[in-house]
Amino acid sequence: MTESEATPPTPAEQGARNLLMRVLAAVVLAPIAIIIAWLGGWLWALLVMLATIGLYLEWLTIVGLVREWRATVPGVAALAIAGICLIAGRLDAALIALGIGLVAVAVLSPERRSWSATGFVYAAAAEIASVLVRQDAANGFAALFFVLLVVWAADIGGYFAGRGIGGPKLWPRVSPKKTWAGAIGGFIGSLAVAGIFAAVGAGKAGHLLGLGAFLSVISQLGDLFESAVKRRFGVKDSSHIIPGHGGLLDRLDGFVAAVVVAAILGFLRGGADGVGSGLMIW
């Protein structure tokens with residue numbers, strides 16, 4: 001073994017390698033997500049169903065219940081049935097399936113029932129919201145694309161501002177690496193996305209900037225929530241399915257929070273059939 005082979009990588013080399021893996025994963029996965037989101041319909045609903053099943057299983061992995069079939073089987077089955085109902089356009093049936101699934105998970109889980117039930121609600125909310133935001137035929141893709149870009153900008157801006165500037169920690173007890181500089185950088189990145197949407201005539205500048213700012217904060221709170229859960233159980237990554245990013249939960253925590261809030265805002269404005277058009281004012 002040569003000296004170079006025996007010497008472990010320095011923190012700088014490890015950071016550069018991790019950044020490269022993050023970029024490569026994003027270059028591959030982001031266009032796929034955008035294309036499927038643009039196509040919408042059953043293909044988007046199918047992707048959402050598979051992703052939320054993955055989220056639920058990773059949550060159970062974090063809390064130590066993934067090997068307990070009484071927690072995994074009813075939850076996965078309910079998310080799958082709900083996904084099929086959403087593909088068929090039956091929101092009512094999907095909600096019923098998820099309600100039954102929640103009861104089954106809460107009753108059958110052998111231990112840590114509150115944690116397994118919380119994980120199921122988390123995945124179920126993401127499933128319903130992600131489909132509803134895309135549902136509007138006229139504006140659904142634009143609404144979903146806006147949420148995606150705001151979350152991605154918050155993540156990218158936070159990463160580079162946090163690494164480049166550093167400074168005081170945001171909440172060291174929950175996430176030791178996150179800084180105030182990163183939070184502000186992510187916030188500015190999200191505002192830039194909203195500004196671009198306004199500049200191309202996608203909506204009123206004031207509304208888009210306010211929505212972008214609000215969803216940026218929600219996205220970062222979603223990230224902190226997942227970090228708090230992992231820290232509670234002493235877990236670093238939810239899985240290693242995405243190179244450089246960890247698991248689906250690590251990658252989608254901010255999006256889940258943002259899309260759920262976006263769906264609620266849209267529902268308050270236009271009802272379940274008008275979430276997309278209610279999310280923005282065109």
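Please give the number of the condition Ile36 fails out of (1) in contact (Cβ under 8 Å) with a residue 40 or more places away in the chain; (2) surrounded by 15 or more Cβ atoms within 10 Å (Cβ to Cβ); (3) not assigned by TED's automatic domain parsing to the domain that holds Arg112.
(1)
Quick one: which of Leu248, Leu208 is crowded, with 21+ Cβ neighbours inside 10 Å, hydrophobic (A, V, I, L, M, F, W, C), modelled with pLDDT under 90 and in contact with a helix residue (DSSP H, G or I) (Cβ under 8 Å, 6 or more places away or on another chain)?
Details: Leu208 fails: modelled with pLDDT under 90.
Matching residue, one of Leu248, Leu208: Leu248.
Yes/no per residue for (1) buried (at least 17 other Cβ atoms within 10 Å of the Cβ); (2) under 27 Å from Tyr56 (Cα atoms); (3) in the same structural domain as Gly247 (by TED's automatic domain parsing):
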position: Gly158; (1), (2), (3): yes, yes, yes
position: Ile165; (1), (2), (3): no, no, yes
position: Pro168; (1), (2), (3): no, no, yes
position: Gly185; (1), (2), (3): yes, no, yes
position: Ala199; (1), (2), (3): no, no, yes
position: Ala202; (1), (2), (3): yes, no, yes
position: Gln220; (1), (2), (3): yes, yes, yes
position: Glu226; (1), (2), (3): yes, yes, yes
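Looking at (1) over 19 Å from Gly246 (Cβ atoms); (2) assigned to a helix (DSSP H, G or I); (3) touching a residue at least 12 places away in the same chain (Cβ under 8 Å), find the lone condition where Gly206 falls short.
Gly206 satisfies every listed condition except (3).
How many residues, within region 106-124, are more than 20 Å from the chain's Cα centre (by Cα), under 15 Å from Gly64 (Cβ atoms) and either buried (at least 17 other Cβ atoms within 10 Å of the Cβ) or touching a residue at least 24 places away in the same chain (Cβ under 8 Å) (or both)?
Filtering region 106-124 for residues more than 20 Å from the chain's Cα centre (by Cα) gives 106-114.
Keeping just the survivors that are under 15 Å from Gly64 (Cβ atoms) gives 109-114.
Next cut, either buried (at least 17 other Cβ atoms within 10 Å of the Cβ) or touching a residue at least 24 places away in the same chain (Cβ under 8 Å) (or both) only: 109-112.
Looking only at that region, the number is 4.
Considering Gly212, Gly234, Gly195, Gly201, which residue is more than 27 Å from Gly54 (Cβ to Cβ) and assigned to a loop (DSSP other than H, G, I, E, B)? First the steps, then the outcome.
Values: Gly212 fails: assigned to a loop (DSSP other than H, G, I, E, B); Gly234 fails: more than 27 Å from Gly54 (Cβ to Cβ); Gly195 fails: assigned to a loop (DSSP other than H, G, I, E, B).
Unique residue meeting the criteria: Gly201.
The values are calculated or read from the model by the stated rules, or taken from the named source; none is laboratory data. Computed from a predicted structure; not experimentally measured. Please note: Cβ atoms are built from the backbone with ideal geometry, for glycine as well, and neighbour counts cover all protein chains shown.
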